[in-house]
Amino acid sequence: MSEGSQAQEFHGKTPRHIAIIMDGNGRWAKQRHMPRVAGHRAGVESVRAIVQRCGELGVQVLTLFAFSSENWRRPEKEVGLLLELFVMALQRESKKLDKRNVRLKVIGDLSRFSDKLCAEISKAETMTADNNGLQLVVAANYGGRWDIGQAVKTIAGQVQAGKLDAAVVSESLIEQHLSLAGLPEPDLFIRTGGEQRISNFLMWQLAYSELYFTDTLWPDFNKEELNIALEWFAGRQRRFGRTGDQVEQIKRA
Ligand code: IPE
Ligand code: IPE
Ligand code: MG
């Protein structure tokens, strides 16, 4: 089946933005009596496959939760290995991303990362900055509350400096200062690994996303699993507060 007919298969309802909590690496490794880091390594393979597939499908934005602001609470050794893996993935993959016309952006509080990691991030972002295919967003040391907090801080600073009237602070102004400013909100949220929680991911931007949870562990999440999620998504009626009849009427008009 060609990629074009695949898009048709989803009734022309391919999400513009997919956001994923890639969970279950540790359990995947444990099932195989392997160290947790083996699960994270296998998880990188899934990332590669899903990025490629989203590019082929014409998805505009793919946001992946790689490391949360709470993940520092893990054993120091696991945190170290995760960050090392991130450096390696950037070194190995950025040229391939560039060839695939993918634009990379990392969001999160980078101030806690090593100079080496920050340099690799900025190198990969610069290398891919002019690409106009899939926008790949990697959330690292990211927290939804941190994101809203840093936006509020910037706005409050502008008000304090007399550059902004507090009366003009609005939802859209706050949005302009969030990490995903200017990008469409996630249409489809996917969490692998069986948990049904947001874990401080995109707190603001998920307000109207369709939430898809699967027990499949992230290293087992592949193109076929993504197809199932996309089929599920295509079957949702997105009402945004309206009645179902209203939505049908708008569609016919
Ligand atoms: C997700 O897998 C990866 C990160 C949080 C970095 P986990 O490491 O949380 O895997 P489980 O939940 O322990 O199986
Ligand atoms: C969420 O997974 C963060 C990432 C996938 C990066 P966790 O495994 O850390 O989430 P909790 O702590 O179980 O909610
Ligand atoms: Mg987990």
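The values are calculated or read from the model by the stated rules, or taken from the named source; none is laboratory data. Model, not experiment: these values are computed from the prediction. Positions of Cβ are generated from backbone atoms using ideal geometry, with glycine treated the same way; all protein chains shown enter the neighbour counts. Keep in mind that these areas ignore ligands, DNA and RNA; they rest on the heavy atoms of the full protein, side chains included. Shrake-Rupley method; radii C 1.70, N 1.55, O 1.52, S 1.80 Å.
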Residue list for segment 26-44, restricted to those being open to solvent by less than 20 Å² (accessible area, probe 1.4 Å), within 14 Å of ligand 3 (Cβ to nearest atom) and touching a Lys or Arg at 6+ places or on another chain (Cβ under 8 Å)
26, 29, 39
Checked segment 58-74 for anything more than 8 Å from the chain's Cα centre (by Cα) and closer than 24 Å to residue 37 by Cα; matches are 66, 67, 68, 69, 70, 71, 72, 73, 74
Flagged pairs (Cβ under 6 angstrom, 6 or more apart or on separate chains; first in segment 20-41, over 20 Å from residue 223 (Cβ atoms); second within 14 Å of ligand 3 (Cβ to nearest atom) and part of a loop (DSSP other than H, G, I, E, B)) are 27/217
On the basis of being closer than 15 Å to residue 63 by Cα, surrounded by 12 or more Cβ atoms within 10 Å (Cβ to Cβ) and at pLDDT 95 or above, does residue 200 make the cut?
yes
Please go through segment 213-253 and pick out each residue that is assigned to a loop (DSSP other than H, G, I, E, B), open to solvent by 60 Å² or more (accessible area, probe 1.4 Å) and among the β-branched types (Val, Ile, Thr).
243
Could you run through segment 38-65 and say how many residues are within 16 Å of ligand 1 (Cβ to nearest atom), in a helix (DSSP H, G or I) and closer than 13 Å to residue 89 by Cβ?
9
Which one is most open to solvent (accessible area, probe 1.4 Å) among residues in segment 88-116 that are within 21 Å of residue 51 (Cα to Cα), of a type in the set (A, V, I, L, M) and not in a loop (DSSP other than H, G, I, E, B)?
88
